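A.B. asks: Here's a structure for you.
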Amino acid sequence: MSNGLVDWLWRLLSPRRPTASQTSPFPEGRGPVRLMILRHAEKTGQKSDPHLSAAGQDRAERLADYIPQTFGTPDFLIAAASSKRSLRPYETLQPMAEKLGLEIMEDFDDEEIAALVERLRDFPAYSQRFGIISWRHSDIPALAAALGAPDGTYPAEWDSADFSLILDMTFPPAAAAGSVAR
């Protein structure tokens, strides 16, 4: 196993305790019970290339097996909206979608976090379910905060070289603070 994969697994499976309390945006009985937020897989390094690199495609394939085998089968998949500059969030989830027979919802751009949280809260299709969200690194901290993640349980700024960190958020049945592991 490569050091990168070992580091990724260690960080993924090492929970951190919340350092501050926030409230879940999901009232009792509404919204998902678990969300895993991950950054899209590796870029090619060419600014004009919107696709995953070979390493990114490999990571996407490994995630398609690893997440269901380790955490259970997700009920839904969400990717930041594709654009001419980046198809990577969608491409990261594509192998998992194909293996599990799920569609990837990509209705929201990176900055439309409030609308995404509202959709998760208000649509019964997400209620009491487990979902995976593939997002762009610069907006993951804002997404985690909007989902009620306590300060200190996620990076305030996502390292642009880090493609392996996954936030595992669980939401209690009542609208109390959830927990985040990374």
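The values are calculated or read from the model by the stated rules, or taken from the named source; none is laboratory data. Everything quoted here is computed from the prediction, not taken from an experiment. Note that we place each Cβ from the backbone using ideal geometry, even for glycine, and neighbour counts take in every protein chain shown. Just so you know, the surface numbers come from the protein's heavy atoms only, side chains and all, with ligands and any DNA or RNA stripped out. Shrake-Rupley method; radii C 1.70, N 1.55, O 1.52, S 1.80 Å.
A.B. asks: Within segment 124-134, which residues are at pLDDT 95 or above and hydrophobic (A, V, I, L, M, F, W, C)?
C.D. replies: Listed by number, the residues that qualify are Phe130, Ile132, Ile133.
Let's see how each residue does on (1) among the polar types (S, T, N, Q); (2) within 23 Å of Pro25 (Cα to Cα):
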residue	(1), (2)
Ser53	yes, no
Glu98	no, no
Ile104	no, yes
Pro150	no, yes
Pro155	no, yes
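A.B. asks: Across segment 92-114, what is the total count of residues that are among the small types (Gly, Ala, Ser) and open to solvent by 30 Å² or more (accessible area, probe 1.4 Å)?
C.D. replies: Looking only at that region, the number is 2.
A.B. asks: Somewhere in segment 65-77, is a residue more than 14 Å from Met36 (Cβ to Cβ) and open to solvent by 40 Å² or more (accessible area, probe 1.4 Å)?
C.D. replies: Yes: one or more hits.
A.B. asks: In segment 65-74, how many residues are assigned to a helix (DSSP H, G or I) and either farther than 17 Å from Phe130 by Cα or out of contact with any Asp or Glu (no Cβ under 9 Å at 6 or more places or on another chain) (or both)?
C.D. replies: Residues in segment 65-74 being assigned to a helix (DSSP H, G or I) and either farther than 17 Å from Phe130 by Cα or out of contact with any Asp or Glu (no Cβ under 9 Å at 6 or more places or on another chain) (or both): 6 in total.
A.B. asks: Among the candidates Ser86, Ser127, Ser82, single out the residue that is buried (at least 18 other Cβ atoms within 10 Å of the Cβ), in contact with a Pro (Cβ under 8 Å, 6 or more places away or on another chain) and of a type in the set (Ser, Thr, Tyr).
C.D. replies: Unique residue meeting the criteria: Ser86.
A.B. asks: Select from segment 44-64 the residues that are open to solvent by 60 Å² or more (accessible area, probe 1.4 Å) and in a helix (DSSP H, G or I) and list them in ascending order.
C.D. replies: Scanning segment 44-64 gives Ala54, Gln57, Asp58, Glu61, Arg62.
A.B. asks: Give me the residue from segment 1-43 that is modelled with pLDDT under 85, assigned to a loop (DSSP other than H, G, I, E, B) and of a type in the set (Lys, Arg) and, out of that set, least open to solvent (accessible area, probe 1.4 Å). Break it down stepwise before answering.
C.D. replies: At the first step, the residues of segment 1-43 found to be modelled with pLDDT under 85 are 1-24, 28-29.
Now drop any that are not assigned to a loop (DSSP other than H, G, I, E, B), which leaves 1-2, 14, 16-24, 28-29.
Checking the rest, the ones that are also of a type in the set (Lys, Arg) come to 16-17.
On the way: Arg16: 97, Arg17: 201 Å².
Among residues in segment 1-43 that are modelled with pLDDT under 85, assigned to a loop (DSSP other than H, G, I, E, B) and of a type in the set (Lys, Arg), the one least open to solvent (accessible area, probe 1.4 Å) is Arg16.
A.B. asks: Are any residues in segment 91-120 within 22 Å of Phe71 (Cα to Cα) and of a type in the set (Lys, Arg), and if so, which ones?
C.D. replies: Answer for segment 91-120, where residues must be within 22 Å of Phe71 (Cα to Cα) and of a type in the set (Lys, Arg): just Lys99.
A.B. asks: Any residue in segment 75-88 that is acidic (Asp, Glu), part of a loop (DSSP other than H, G, I, E, B) and touching a residue at least 12 places away in the same chain (Cβ under 8 Å)?
C.D. replies: yes
A.B. asks: Taking only segment 112-166 into account, find how many residues are assigned to a helix (DSSP H, G or I), in contact (Cβ under 8 Å) with a residue 40 or more places away in the chain, among the small types (Gly, Ala, Ser) and over 25 Å from Arg59 (Cβ atoms).
C.D. replies: 3
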